Amino acid sequence: MIEYKNVSKSYGKQKVVKDLSLKIPDGEFVVLIGPSGCGKTTTLKMLNRLIEMDSGSISIDGKNIMEMNPEKLRSHIGYVIQQIGLFPNMTVEENICVVPRLLKWDKEKSRRRAKELLELVNMPYETYAHKYPNEMSGGQQQRIGVLRALAAEPPIILMDEPFGALDPITRDSLQDEVKSLQQRLGKTVIFVTHDMDEALKMADTVVFMSEGQILQADTPEGILRAPANDTVREFMGKHVHNFSQNQLACSDLMKTNVAKVTQDRKTLECVNMMSRREIDSLVVVDQQERYLGVLLIETVNERGKAGDSIKDLITVDFPTVTPDTPAKTAFDIISGQRAEYVVVLTDDKKVAGIITKTSMSKALASVVWGDGQ
């Protein structure tokens with residue numbers, strides 16, 4: 001758990017962060033967004049003490065960061081920036097292993113870690129480990145920047161507009177990869193962006209800031225459904241839906257950041273993931289991200305064994321819809337079958353999102369279908 005309590009920061013007479021308080025649970029992907037100069041990067045950098053706060057406190061798992069050695073603190077927090085910052089005279093493997101080397105990992109352990117990380121982003125060790133940054137594209141370099149932040153297995157990753165300089169196609173691909181990595185590895189990520197598309201795609205929680213203050217902190221669907229005020233609404237622009245009975249589809253209400261695992265994952269690992277994220281099921285996909293079914297905690301309790309894979313515990317007859325399915329259909333499924341949620345699948349059976357009881361709440365139902373339904 002990361003907790004900001006009444007944190008403030010000024011530069012001269014300008015107060016850039018004003019009495020900010022925020023709690024970030026373990027394993028959460030939090031996106032800080034808002035107009036330029038709203039204080040989001042300062043908020044990010046105060047966590048690893050690249051910028052020192054003037055007042056208030058920040059704690060990680062209950063320990064005040066001001067009581068920690070700054071270098072030791074930063075060795076447990078990964079950091080990715082837009083400029084990437086790879087060392088041009090170092091190979092890919094050497095760049096990835098900068099922090100492990102500072103932590104005095106032996107060469108074999110460092111090599112294994114570099115190989116493991118490169119395989120996570122489909123960059124074979126034999127092909128890329130001994131290349132230099134100038135031999136790779138911008139997207140490949142940024143991937144290495146992300147892997148370097150993950151190398152020493154830090155529980156927290158800070159990302160400051162990491163994809164801002166990339167072309168749209170590369171940016172979209174890296175967004176998918178980073179979100180997938182975060183879910184698979186269970187890292188806590190704090191991500192700064194000014195791009196609402198990026199925030200809505202990647203966040204578990206969107207924190208909207210303006211003039212050094214938090215105006216709204218909510219899930220992507222929550223902030224879409226009910227912007228806190230005109231400032232948030234205007235920044236959201238095209239993203240704010242005009243919910244009407246005739247137009248609303250499942251894609252309008254689905255939660256896109258789904259907790260997914262592959263069927264080869266172990267039972268205890270999956271239970272720990274559920275516990276960390278405070279959920280009671282996981283969506284199961286194959287190596288190509290195609291939907292296989294759902295892992296329910298009830299099934300694990302009944303038939304699961306520590307050390308076994310979850311392959312034989314998957315519930316395959318779970319309710320599904322498509323993004324274009326009318327939202328009322330999903331609501332009827334949830335109400336009629338007493339399901340906690342429905343899974344939204346694309347035509348090629350990939351998981352687009354889920355619709356939960358929360359996202360189909362009574363308040364939203366009355367707006368869309370009227371009180372008489």
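The values are calculated or read from the model by the stated rules, or taken from the named source; none is laboratory data. None of these values were measured; they are calculated from a predicted model. Every residue, glycine among them, receives a Cβ derived from its backbone with ideal geometry; neighbour counts consider all protein chains shown. Just the protein is used for accessible areas: all its heavy atoms, side chains included, with ligands, DNA and RNA removed. Shrake-Rupley method; radii C 1.70, N 1.55, O 1.52, S 1.80 Å.
Full extension of the chain segment joining ASP308 with SER57 gains 86.1 nm, where the gain is 0.36 nm per residue of separation less the Cα-Cα distance. For ARG233, the solvent-accessible surface with a 1.4 Å probe is about 100 Å², rounded to the nearest 10. In this structure, LEU268 and GLU67 have a Cβ-Cβ separation that, at R0 = 45 Å, corresponds to a calculated FRET efficiency of about 0.85. Ranking GLY56, PRO35, GLY12 by how far each Cα lies toward the positive end of the dipole of the stretch 1-67 (charges on Cβ) leaves GLY12 at the top.
For SER173, the solvent-accessible surface computed with a 1.4 Å probe is close to 40 Å², ligands and nucleic acids excluded. Using a cutoff of 8 angstrom between alpha carbon atoms and counting only pairs six or more residues apart, the relative contact order for the chain works out to 16 percent. At a probe radius of 1.4 angstrom, the accessible area of the stretch 166-233 per residue rounds to 36 square angstrom. Bridges between two residues of the chain, per DSSP, are antiparallel at a rate of about 60%.
The aspartates and glutamates within cross-link reach of LYS115, meaning a Cα-to-Cα straight distance under 18 Å and a gap of 8 or more places when in the same chain, are GLU93, GLU94, ASP106, GLU126, GLU153, GLU177. In this structure the stretch 283-360 gives 54 Å² per residue of accessible area when probed at 1.4 Å with all protein chains present.
Report in % the part of the accessible area of the chain that belongs to carbon and sulfur, leaving out ligands and nucleic acids; probe 1.4 Å. After summing per-atom areas, the C and S share lands at 47 percent.
Cα to Cα, under 16 Å, and not fewer than 8 places away if on the same chain: which lysines meet these conditions relative to LYS72? Straight-line reach from LYS72, under 16 Å: LYS45, LYS63, LYS104.
Compared with the alpha-carbon gap, the fully stretched path from ASP197 to GLU340 is longer by 48.7 nm at 0.36 nm per residue. Surface analysis of the stretch 8-105 yields an accessible area of 50 Å² per residue, using protein heavy atoms and a 1.4 Å probe. For the pair GLU135 and LYS349 in one chain, pulling the backbone fully straight at 0.36 nm per residue adds 73.4 nm over the alpha carbon distance. Summary value for the stretch 1-134: 20 percent relative contact order, contacts being C-alpha pairs under 8 angstrom separated by 6+ residues.
Calculated [222 nm] ellipticity per residue, helices only, for the chain: -10000 deg cm²/dmol; basis is -39500 (n - 2.57) per DSSP H run with n ≥ 4, divided by all residues, nearest 500. Label-to-label distance, GLU116 versus ASP332, with points set 7 angstrom from Cα along the beta-carbon direction: 4.9 nm.
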